[in-house]
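*Asks:* Next up is a structure, given as structure tokens.
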Amino acid sequence: MTTQTVTKGLEGVIAAESAVCLIDGEAGELSYRGYDIHDLVQGSFEETVFLLWNDRLPAKRELEEFRADLARHRPLDDRLITFMKGLPAEAAPMDVLRTVVSAIPVSKGVSQIETDEASVKEAAMDLTAQFPTIVAAWERIRSGEEPIAPDPELSHAANYLYMMRGERPGPVAERAMDVALILHAEHGFNASTFSARVTSATVTDVYTAVTSAIGTLKGPLHGGANEGVIKNLLEIGDIDKVEEWVRQKLAAKEKIMGFGHRVYRTMDPRAVHLRKLSQELGEEAGTTKWYEMSVKMMEAVKEQKGLNPNVDFFSASTYYTMGIPTDLFTPTFAVSRIAGWSAHIMEQLADNRLIRPRSRYIGHKDLEYVPVEKRQ
Ligand SMILES: CC(C)(COP(=O)(O)OP(=O)(O)OC[C@H]1O[C@@H](n2cnc3c(N)ncnc32)[C@H](O)[C@@H]1OP(=O)(O)O)[C@@H](O)C(=O)NCCC(=O)NCCS
């Protein structure tokens with residue numbers, strides 16, 4: 001038998017070639033399709049989506065057409081809204097998002113969704129445009145209100161906030177959401193993207209692959225961490241208690257949400273921008289309490305455990321200050337990451353091979369089978 005090396009958690013394993021994004025974990029650098037995220041934050045989420053799907057930045061006119069196309073895809077089938085109205089208000093928004101996304105192809109009433117290039121792009125457009133509609137509609141429905149129809153005149157970021165909160169956001173909130181969406185859009189072979197690629201590699205449809213990805217993003221070690229961060233800040237409640245709280249958690253060998261990363265050994269480059277947004281929004285709202293508590297926690301975790309914040313850390317206080325309900329933090333991550341999932345599904349299908357690793361068997365061998373009547 002050949003020697004079998006097991007790499008737990010596939011750490012450091014290169015599972016495929018990809019041209020979507022480059023992460024330099026040692027230098028703390030991230031670029032999408034060759035463009036540094038520190039530059040891309042000057043643009044818009046729509047521009048980032050175009051870039052991820054087309055491997056180049058759009059010309060001005062192309063961007064306008066792409067925005068309009070995305071806006072046209074925003075409305076959700078009435079049957080899906082009716083379906084959501086039948087769900088209990090207590091249902092978790094990530095579960096609702098996952099369920100409704102898997103119901104989109106069902107609502108189309110077709111037996112087979114094609115996986116050719118044009119059909120995949122059309123489905124990606126549908127999903128990217130409709131994620132905000134689903135999340136915002138659920139927020140309204142569970143609060144006993146009617147969903148708000150999307151406004152095609154608004155940007156992707158502004159329209160999401162408008163459908164969720166019922167009023168058009170001011171420029172600071174719109175910009176903050178736009179930047180947050182750009183920063184969360186893509187991140188290589190993270191768990192949910194890998195999950196989308198594994199599912200897609202069986203040549204099933206895009207909706208099914210994305211349903212797998214949503215289920216994976218939901219976990220507290222992945223996209224669910226931002227909700228954990230705000231829970232911690234609310235539980236601590238006061239900046240003077242942060243250091244001691246961190247000490248106790250680390251002494252109890254508990255993980256602190258929003259810290260650590262499989263790839264980055266420095267500060268997550270996305271956290272730099274989110275930290276700024278958290279501060280700016282706090283100043284605009286007249287309270288920087290959550291921002292200041294976050295900075296204190298960042299310093300304490302660095303000093304006591306040497307860990308840096310990841311993307312989920314400052315996105316928590318940013319979203320909280322924007323008035324986004326805490327259980328919509330992870331769905332908001334999904335509203336952005338659908339862009340990256342789609343780019344990876346396109347890349348996977350363009351040069352597909354079934355993803356099927358093996359395990360090293362460590363279970364029993366050669367046991368004697370005893371018929372049930374004779375077992376003790
Ligand atoms: C992101 C994460 C899952 C990466 O996991 P990983 O690469 O498997 O790293 P490990 O969990 O093996 O951690 C390595 C060491 O750092 C510690 N560590 C990692 N993240 C930690 C955290 N958030 N809080 C406290 N300790 C942490 C581990 O306990 C371990 O310490 P030890 O060597 O003393 O036992 C992990 O850092 C984590 O769980 N973070 C919290 C959840 C989170 O914020 N997720 C969002 C990621 S973007």
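*Asks:* Name the pairs whose Cβ atoms lie under 9 Å apart, with the first residue in segment 312-328 and acidic (Asp, Glu), the second open to solvent by 40 Å² or more (accessible area, probe 1.4 Å) and more than 16 Å from the ligand (Cβ to nearest atom), and 6 or more positions between them or separate chains?
*Replies:* Asp327/Ala92
*Asks:* Restricting to segment 204-215, name every residue that is part of a helix (DSSP H, G or I), within 21 Å of Arg353 (Cβ to Cβ) and not aliphatic (A, V, I, L, M). Lay out the reasoning, then the answer.
*Replies:* Step one: list which residues in segment 204-215 are part of a helix (DSSP H, G or I), which gives 206-215.
Keeping just the survivors that are within 21 Å of Arg353 (Cβ to Cβ) gives 206, 208-210, 212-213.
Thr208, Ser212, listed by residue number.
*Asks:* Within segment 242-290, track down each residue that is within 11 Å of the ligand (Cβ to nearest atom), among the acidic types (Asp, Glu) and modelled with pLDDT under 95.
*Replies:* Correct list: Asp268 only.
*Asks:* Of the conditions (1) open to solvent by less than 10 Å² (accessible area, probe 1.4 Å); (2) more than 16 Å from the ligand (Cβ to nearest atom); (3) of a type outside the set (A, V, I, L, M); (4) closer than 30 Å to Arg140 by Cβ, His344 satisfies every one except a single condition; which number is it?
*Replies:* (4)
*Asks:* If I ask for residues that are over 12 Å from Phe194 (Cα atoms) and in contact with a Gly (Cβ under 9 Å, 6 or more places away or on another chain), which ones from segment 332-366 would you list?
*Replies:* Phe333, Ala334, Arg337
*Asks:* Given the residues Thr5, Thr48, which is the only one that is surrounded by fewer than 14 Cβ atoms within 10 Å (Cβ to Cβ) and not hydrophobic (A, V, I, L, M, F, W, C)? Before you say what the answer is, go through the steps one by one.
*Replies:* Numbers: Thr48 fails: surrounded by fewer than 14 Cβ atoms within 10 Å (Cβ to Cβ).
One residue alone meets the criteria, Thr5.
*Asks:* If you don't mind, another one. Any residue in segment 175-191 that is aliphatic (A, V, I, L, M) and within 13 Å of the ligand (Cβ to nearest atom)?
*Replies:* Step one: filter segment 175-191 for residues aliphatic (A, V, I, L, M), giving 176-177, 179-183, 185, 191.
Next, from what is left, pick out any that are within 13 Å of the ligand (Cβ to nearest atom): 183, 191.
Among the residues of segment 175-191, at least one is aliphatic (A, V, I, L, M) and within 13 Å of the ligand (Cβ to nearest atom), which makes the answer yes.
*Asks:* If you check Met125, Met163, which single one turns out to be modelled with pLDDT of 95 or more and either in contact with a Cys (Cβ under 9 Å, 6 or more places away or on another chain) or under 21 Å from Ile345 (Cα atoms) (or both)?
*Replies:* On the way: Met163 fails: either in contact with a Cys (Cβ under 9 Å, 6 or more places away or on another chain) or under 21 Å from Ile345 (Cα atoms) (or both).
Testing whether each residue is modelled with pLDDT of 95 or more and either in contact with a Cys (Cβ under 9 Å, 6 or more places away or on another chain) or under 21 Å from Ile345 (Cα atoms) (or both) leaves just Met125.
*Asks:* Taking the condition open to solvent by 10 Å² or more (accessible area, probe 1.4 Å) and in contact with a Gly (Cβ under 8 Å, 6 or more places away or on another chain), does Leu307 pass?
*Replies:* Details: open to solvent by 10 Å² or more (accessible area, probe 1.4 Å): yes; in contact with a Gly (Cβ under 8 Å, 6 or more places away or on another chain): yes.
When the stated conditions are applied, Leu307 passes them.
*Asks:* Take the residues in segment 296-306 that are out of contact with any Pro (no Cβ under 8 Å at 6 or more places or on another chain) and closer than 14 Å to Asn232 by Cβ, then tell me which one is farthest from the ligand (Cβ to nearest atom).
*Replies:* Lys296
*Asks:* Evaluate segment 189-203: report whether one residue or more is more than 21 Å from the chain's Cα centre (by Cα), among the hydrophobic types (A, V, I, L, M, F, W, C), closer than 29 Å to Asp69 by Cβ and modelled with pLDDT of 95 or more.
*Replies:* To start, the set of residues in segment 189-203 that are more than 21 Å from the chain's Cα centre (by Cα) comprises 202-203.
From the residues that got through so far, the ones that are among the hydrophobic types (A, V, I, L, M, F, W, C) too are 203.
From what is left, the residues that are closer than 29 Å to Asp69 by Cβ are 203.
Still in the running and modelled with pLDDT of 95 or more: 203.
Within segment 189-203, one or more residues are more than 21 Å from the chain's Cα centre (by Cα), among the hydrophobic types (A, V, I, L, M, F, W, C), closer than 29 Å to Asp69 by Cβ and modelled with pLDDT of 95 or more.
*Asks:* Working only within segment 333-350, note down all residues that are in contact with a Ser or Thr (Cβ under 8 Å, 6 or more places away or on another chain) and within 27 Å of Lys289 (Cβ to Cβ).
*Replies:* So the first thing to find is which residues in segment 333-350 are in contact with a Ser or Thr (Cβ under 8 Å, 6 or more places away or on another chain), and the list is 333, 337-342, 344-345, 347-349.
The one that is in contact with a Ser or Thr (Cβ under 8 Å, 6 or more places away or on another chain) and within 27 Å of Lys289 (Cβ to Cβ): Phe333.
*Asks:* Okay, next question. Scan segment 302-358 residue by residue and report those that are of a type in the set (A, V, I, L, M) and not in a helix (DSSP H, G or I). If you could, list the steps in order and put the result at the bottom.
*Replies:* Pass one, segment 302-358, residues of a type in the set (A, V, I, L, M): 307, 311, 316, 322, 324, 328, 334-335, 338-339, 343, 345-346, 349-350, 354-355.
Within segment 302-358, Leu307, Met322, Ile324, Leu354, Ile355 qualify.
*Asks:* Let me ask you something else. Pick from Glu26, Glu62: which is open to solvent by 40 Å² or more (accessible area, probe 1.4 Å), over 18 Å from the mean Cα position of the chain (by Cα) and under 20 Å from Leu181 (Cβ atoms)? Walk me through how you get there before you give the answer.
*Replies:* Details: Glu26 fails: under 20 Å from Leu181 (Cβ atoms).
It is Glu62.
*Asks:* Further, regarding this structure: Checking the condition touching a strand residue (DSSP E or B) at 6+ places or on another chain (Cβ under 7 Å), surrounded by 20 or more Cβ atoms within 10 Å (Cβ to Cβ) and among the hydrophobic types (A, V, I, L, M, F, W, C), which residue from Ala271, Ala213 passes?
*Replies:* The unique qualifying residue is Ala271.
*Asks:* Report, by residue number, each residue of segment 3-33 that is within 15 Å of the ligand (Cβ to nearest atom) and among the acidic types (Asp, Glu). Break it down stepwise before answering.
*Replies:* We begin by selecting, within segment 3-33, every residue within 15 Å of the ligand (Cβ to nearest atom); these are 6-13, 21, 23, 25-26, 28, 30.
Once the filter is applied, which keeps residues that are within 15 Å of the ligand (Cβ to nearest atom) and among the acidic types (Asp, Glu), segment 3-33 yields Glu11, Glu26.
*Asks:* Under 6 Å between Cβ atoms, at least 6 apart or on separate chains: pull out the pairs that start in segment 56-76 with a residue that is in contact (Cβ under 8 Å) with a residue 24 or more places away in the chain and within 17 Å of Tyr162 (Cβ to Cβ) and end on any residue that is of a type in the set (Ser, Thr, Tyr) and surrounded by 14 or more Cβ atoms within 10 Å (Cβ to Cβ).
*Replies:* Pairs that qualify, where the first residue is in contact (Cβ under 8 Å) with a residue 24 or more places away in the chain and within 17 Å of Tyr162 (Cβ to Cβ) and the partner is of a type in the set (Ser, Thr, Tyr) and surrounded by 14 or more Cβ atoms within 10 Å (Cβ to Cβ), are Arg74/Thr133; Leu76/Thr133.
The values are calculated or read from the model by the stated rules, or taken from the named source; none is laboratory data. From a predicted model like this one, the values you see are computed outputs, not experimental measurements. Backbone-built Cβ (ideal geometry, glycine too); neighbour counts: all protein chains shown. Heavy atoms of the whole protein, side chains included, go into the accessibility calculation; ligands, DNA and RNA do not. Shrake-Rupley method; radii C 1.70, N 1.55, O 1.52, S 1.80 Å.
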